[in-house]
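What follows is a set of notes on a single structure, which appears directly below.
No value in this document is a laboratory result; all are computed from the given coordinates. Just so we're clear, the structure is a prediction, and the values are computed from it rather than from any experiment. Every residue, glycine as well, gets a Cβ built from its backbone with ideal geometry; the counts of neighbours run over all protein chains shown.
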Amino acid sequence: QAAYDAENIYLRIQWPGSGTSTSEEDADRVSIQISDKIKSFNLYGCFISCHDDETGMPNNRGEKKTLYGYYAAGKPQDKLDGFLAKGQFIDLWEAYFVGNEVKSKDEYVLESRHEDKNDLSVSGSFEGGKYTVVFTRKLNTGDKGDIELQDGKAFSAGIAIHDNKNKDRKH
């Protein structure tokens, strides 16, 4: 479910789960990737940031590799800075459970994951065999690592749910 007002967007996601999340390492979680200025993301969603050479994937050769936008891989820093300045990145929101406590991460994706000022507020619970998470974020945080959301302006989103201690590609 999604709603917004003059200041905030609210996204509520619910899924049946195991309730087995007990540590940050194996946390049950939901991740949302959003973008509004990357045509390939509009066409293919978060698939453009998942690759077969990342940690936990079949072609990884022991390197610690996280999500990256294929269009940003191997680019020099000035090019990456240009992508960021133009809003050509993927805004990544994550809510995860450690026991009954829900926590959040706010990042953006270019040639790798980058920590961002955490502009997210999350609440959530596990009851009756279901996880429920509500993300709240200002439409315009003023943060260079956040996509500005505007009334009447479309954005694309990809959602991944990791449950039952599934991590890496298992979602």
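Per-structure values
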{"quantity": "Largest-first ellipsoid semi-axes for the stretch 3-141, taking √(5λ) over the Cα gyration tensor eigenvalues, angstrom", "calculated": "27, 21, 13"}
{"quantity": "Relative contact order (%) - the stretch 1-113, alpha-carbon pairs under 8 angstrom, separation at least six", "calculated": "29 percent"}
{"quantity": "Packing-based ranking, highest mean first, of 92-101, 143-152 given that Cβ atoms within 10 Å are counted", "calculated": "92-101, 143-152"}
{"quantity": "For Ala95, net neighbour charge (Lys/Arg +1, Asp/Glu -1) across residues whose Cβ lies under 9 Å away", "calculated": "+2"}
{"quantity": "Cross-link table Lys64/Lys130; Lys86/Lys117; Lys39/Lys117; Lys105/Lys130; Lys86/Lys138, entries beyond 23 Å C-alpha to C-alpha", "calculated": "Lys64/Lys130; Lys39/Lys117"}
{"quantity": "Surrounding net charge for Tyr71, when Lys and Arg each add one and Asp and Glu each subtract one, Cβ distance under 13 Å", "calculated": "+4"}
{"quantity": "Net charge of Cβ neighbours under 10 Å - reference Ile161; Lys, Arg +1; Asp, Glu -1", "calculated": "-1"}
{"quantity": "Rough spin-label spacing in nm, given labels placed 7 Å along Cα→Cβ, for Asn42 and Lys144", "calculated": "2.5 nm"}
{"quantity": "Theoretical ellipticity at 222 nm over the chain - DSSP helices of four or more residues, -39500 (n - 2.57) apiece, nearest 500", "calculated": "-2500 deg cm²/dmol"}
{"quantity": "Label-reachable residues, the stretch 92-115, where backbone N falls under 12 Å from a point 7 Å from Thr22's Cα toward its Cβ", "calculated": "99"}
{"quantity": "Peptides ranked, highest mean first, by Cβ atoms within 10 Å: ranges 28-40, 66-78, 108-120", "calculated": "28-40, 108-120, 66-78"}
{"quantity": "Label point distance in nm, Asp81-Lys103, each placed 7 Å from Cα along Cα→Cβ", "calculated": "3.3 nm"}
{"quantity": "Rounded, prolate or oblate (a/c below 1.5 giving rounded, otherwise prolate when a/b exceeds b/c) for the stretch 62-171 by Cα gyration tensor", "calculated": "oblate"}
